[in-house]
Amino acid sequence: MLKIKNYILFGVLCFLSISVSAQKSTVRVTVEPSDILIGDQAVINLEVISPKGRNIIFPVYADTLIKGIEVLKMEKVDTTLTEVMTLSQKYIITSFDSTLYHVPYMEVIDGVDTIRSNDFGLKVTSPQLSDSTMAYLEMLKNHETDSIDFVKLQISDIKDVQSPKFVWQDYLSDFLIPFLILIAIGAIGLAIYFFTRKKKKGYFFTPKVVLPPHVVALQGLDKLKAKKLSQKGMEKEYYTELTDIVRLYIDQRFGINAPEMITEDIIEAVHRSTDASSPENSLSQILRLADLVKFAKYNPLPDENDLSLVNAYLFVNQTKIEEVTPVGQQPAKGDAAVAPTLPVDNNNTPNS
């Protein structure tokens, strides 16, 4: 009976041993290539295979793996999940001493356990020197020459000297303060300029030239006369443009919304705004005849066309408001806010 219990206990211990061994992480390290020239680079691949969910911590090296092997870069850990978890950590290394290095192990922390990897080697060799280079080195060794001639040594850099890339952020601090000073000087200069202009002329910016309504209307009539639309048989276009000029003048001069009103309402509104009947008669002749031409297809006589233009000039000149400049006083030079002064001439009718 005692022997049976011992056999059972031995079997349980073996099972537990196998189970524990199966859950233990394994670490393997390789180096590629394993033979490099001085200054070349190699990659160490530290691979860990462990059950899923394990907290694996790889070693971190400040600058050297062992004496003579420098660690240039530590890549990001590559993780692969299947039935188990495979972690791969790569280290970029180099060396500048020609010899055969032996690394006994690399340690990985698995939870509370520390696991060591296999050992590996790295062979670093010097470049093959020519006979002339070896002879020159022998001269230097025997102090037969004091200067070092790299041409005779036939030694050159692994790579040419390279210029750094231009990054404008690197120069931002050098130009920021002068740039801010220039902006401040410009702002002060503009402030002085506008202050002086305001003090001298009374305004910062040149105001827009605003012509009186009668000036705008007379200029429009002059342009219409120069087009000679009625002589070209374009009576409808002629009266359309003529009434547009007159309606706009009434809107600006009397504040009557003539562009949106019918003829009878315009005449009535102007009658209430003026004392004399002569302007009303001139306006009535223009608008009534224009309605006949535009809507009743009436063909006016040449004299009627000329009379309509004359009455338009007469209506504007009879109802305009003049700004008379006192004798001896001239408008300020460059003052665009002052409307041009026109002589009062109620008989200023063009020869048609």
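List of remarks:
- Criterion violated by Ile181 - all others in (1) open to solvent by less than 80 Å² (accessible area, probe 1.4 Å); (2) free of Cβ contacts under 8 Å to residues at least 40 places away in the same chain satisfied: (1)
- Scanning the stretch 81-119 for residues that are part of a strand (DSSP E or B) and among the polar types (S, T, N, Q), we see that the one that is most open to solvent (accessible area, probe 1.4 Å) is Thr114.
- Only one of Ser25, Ser19, Ser34, Ser50 that is at pLDDT below 95, under 23 Å from Val124 (Cβ atoms) and among the polar types (S, T, N, Q): Ser34
- Test: residue in the stretch 249-259 that is within 21 Å of Leu292 (Cα to Cα), in a helix (DSSP H, G or I), touching a residue at least 60 places away in the same chain (Cβ under 8 Å) and open to solvent by less than 60 Å² (accessible area, probe 1.4 Å): no
- Leu100 vs. criteria hydrophobic (A, V, I, L, M, F, W, C) and under 27 Å from Leu129 (Cα atoms): yes
- Given (1) at pLDDT 90 or above; (2) under 26 Å from Met234 (Cα atoms); (3) open to solvent by less than 90 Å² (accessible area, probe 1.4 Å), number of the condition Thr349 does not satisfy: (1)
- Unmet criterion (only one of (1) closer than 23 Å to Ile49 by Cα; (2) of a type outside the set (Ser, Thr, Tyr); (3) in a strand (DSSP E or B); (4) without any contact (Cβ under 8 Å) to a residue 60 or more places away in the chain) for Lys76: (3)
- For Val210: the one exception among (1) modelled with pLDDT of 90 or more; (2) β-branched (Val, Ile, Thr); (3) not in a helix (DSSP H, G or I): (1)
- Screening the stretch 137-167 for residues that are at pLDDT 75 or above and either open to solvent by 100 Å² or more (accessible area, probe 1.4 Å) or touching a strand residue (DSSP E or B) at 6+ places or on another chain (Cβ under 9 Å) (or both) and picking the one that is farthest from Phe96 (Cα to Cα) gives Phe166.
- Single residue of the stretch 53-65 satisfying the filter (modelled with pLDDT under 90 and open to solvent by less than 90 Å² (accessible area, probe 1.4 Å)) that is nearest to Val108 (Cα to Cα): Arg54
- Residue pairs meeting the criteria (Cβ under 6 Å; at least 6 apart or on separate chains; first at positive phi, in the stretch 111-127; second among the polar types (S, T, N, Q)): Gly111/Asn55
- Picking from residues in the stretch 229-248 that are charged (D, E, K, R) and under 18 Å from Asn311 (Cβ atoms), the one that is most open to solvent (accessible area, probe 1.4 Å) is Asp244.
The values are calculated or read from the model by the stated rules, or taken from the named source; none is laboratory data. Everything quoted here is computed from the prediction, not taken from an experiment. Quick reminder, even Gly has a Cβ in these numbers, built from the backbone with ideal geometry, and neighbours come from all protein chains shown. Please note that ligands, DNA and RNA were not included when accessible areas were found on the heavy atoms of the full protein model with its side chains. Shrake-Rupley method; radii C 1.70, N 1.55, O 1.52, S 1.80 Å.
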